Amino acid sequence: MTASHTLPASTADLLAHTGHIGLVQGISAGHFTDARRPTGCSVVLCPQGAVGGVDVRGAAPGTRETDLLHPSNLVQQVHGIVLAGGSAWGLDAAGGAVRWLEEQGAGLDIGVGRIPLVPAAVLFDVMMGDMRIRPNAAAGYAACQAAGKLRPAEGSVGAGAGAVVGKLFGHGRAMKGGIGTASFTVDGVTVGALVACNALGDVYNPYTGELLAGARQADGKALLDARQALLAGQEPRPVLAGSNTTIGVVATDARITKAQAHRLAVVAHDGLARAINPVHTMSDGDSLFALGTGQSGKQLGMMTLSTLAAEAVAVATARAILLARPMPVAGQPILPCASDLRQPGL
């Protein structure tokens, strides 16, 4: 087998990673970021259709049209995925994506027209500013207009604009989350991921174990390490159910079945577990979608595809945090980002 990427190791390697979801044939991605407060939405589009799968691990999800992705259900292809902030209200963004795709002639042919099928998932970012401002159908439409094959922006944009991580000991000791992308290619087949990280837990370099961002100590000047704090018996702060969530899309241009797409979504969560701790909690709605466009015309063994999917998700999650930037919100303290607390040279 021939591969076009090597695994990153250091934080510098993660930042230098050149893969992204737009390298998957048949896939484009774009964002809308609301200038009025930190929120937005992101789209992964496959207008020519892609088999889809989903795996929801968090106990407090916010999703749309996930049932149609079950391997035993009728529909075989979808035409895009929407990731959005705004909690339940953000699901409205999918309506804008449906409208845009219909205008492009994409969708399930029903004789009298076409119905674009666009599953979606949302994350909770309504603590960041005026909660009455949230992604709507116009936001979803704008994200589609911005979509392309170039590397999508990362960090505090789109669905990651209002993301926050490390909330186990209170929102005031948390840090800025974001959205990231990565991909790996083997034998002409690419697997890419786009991940918006709004996790309750801390985020780590999946290869070195370095703590990148998360709950801070009481003075706010250094990372606490929530895992060590919990093991030492420190009590976490009460957390509102559903107030966290990491959502994302894994896409490949390999030829796969709908059942295989489901399996890719399942194993892709391994990447979240390598980068986030704790993960899949009662207060997270962690959900990952999988898409297979088949446009490479090639097949690749599921063992290799699964490995690539988990690695892409792990790297994308870390990049979401490393590229996040502080987002000022009127009347609220500015939450620091990973680069604010990272030691020089790391």
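Among residues of segment 130-152 that are open to solvent by less than 40 Å² (accessible area, probe 1.4 Å), those with a Cβ under 7 angstrom from a residue that is of a type in the set (S, T, Y) and outside any loop (DSSP other than H, G, I, E, B), sequence gap 6+ or separate chain, pair up as A143/S42; A147/S28; G148/S28; P152/T181. Considered as a group, the residues in segment 296-310 that are surrounded by 17 or more Cβ atoms within 10 Å (Cβ to Cβ) and in a loop (DSSP other than H, G, I, E, B) include one that is modelled with the lowest pLDDT, and that residue is L300. Put simply, of A84, A97 the only residue that is surrounded by 23 or more Cβ atoms within 10 Å (Cβ to Cβ), in contact (Cβ under 8 Å) with a residue 24 or more places away in the chain and over 23 Å from A60 (Cβ atoms) is A97.
If you check P71, P47, P61 for being open to solvent by 10 Å² or more (accessible area, probe 1.4 Å) and in a strand (DSSP E or B), only one passes: P47.
Please work out if R325 is open to solvent by 10 Å² or more (accessible area, probe 1.4 Å), closer than 30 Å to A218 by Cα, touching a residue at least 60 places away in the same chain (Cβ under 8 Å) and in a helix (DSSP H, G or I). No: the conditions fail for R325. Contact annotation: residue pairs with Cβ atoms under 7 Å, 6 or more positions apart or on different chains, pairing a residue in segment 156-175 that is more than 19 Å from H280 (Cβ to Cβ) and of a type in the set (K, R) with a partner that is open to solvent by 10 Å² or more (accessible area, probe 1.4 Å) and not in a helix (DSSP H, G or I), are R173/R216; R173/G220.
A265 fulfils the conditions (1) open to solvent by 10 Å² or more (accessible area, probe 1.4 Å); (2) in a helix (DSSP H, G or I); (3) in contact with a Gly (Cβ under 7 Å, 6 or more places away or on another chain) except for a single criterion, (1).
Looking across segment 280-291, the residues that are closer than 22 Å to V82 by Cα and either free of Cβ contacts under 8 Å to residues at least 60 places away in the same chain or of a type outside the set (F, W, Y) (or both) come down to H280, S283, D284, G285, D286, S287, L288, A290, L291. Scanning segment 13-31 for residues that are open to solvent by less than 60 Å² (accessible area, probe 1.4 Å) and under 20 Å from A153 (Cβ atoms) gives L14, H17, G19, H20, I21, G22, V24, I27, S28, A29, G30, H31. Only one of the listed residues (A121, A94) is closer than 30 Å to P328 by Cβ, in a strand (DSSP E or B) and among the small types (G, A, S). That residue is A121. Being part of a loop (DSSP other than H, G, I, E, B), farther than 17 Å from T33 by Cα and among the small types (G, A, S) is the requirement here; does G111 meet it? Here the answer is yes, as G111 does meet what is asked.
Rundown of residues vs (1) touching a Ser or Thr at 6+ places or on another chain (Cβ under 9 Å); (2) under 24 Å from A59 (Cα atoms); (3) charged (D, E, K, R), yes/no style:
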| position | (1), (2), (3) |
| --- | --- |
| A254 | yes, no, no |
| L272 | yes, yes, no |
| N277 | no, yes, no |
| L322 | yes, no, no |
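The values are calculated or read from the model by the stated rules, or taken from the named source; none is laboratory data. None of the values given here were measured: they were computed from a predicted structure. Heads up, the Cβs are rebuilt from the backbone with ideal geometry, glycines too, and the neighbour counts pull from every protein chain shown. The accessibility values were calculated without ligands, DNA or RNA, using every heavy atom of the protein model including side chains. Shrake-Rupley method; radii C 1.70, N 1.55, O 1.52, S 1.80 Å.
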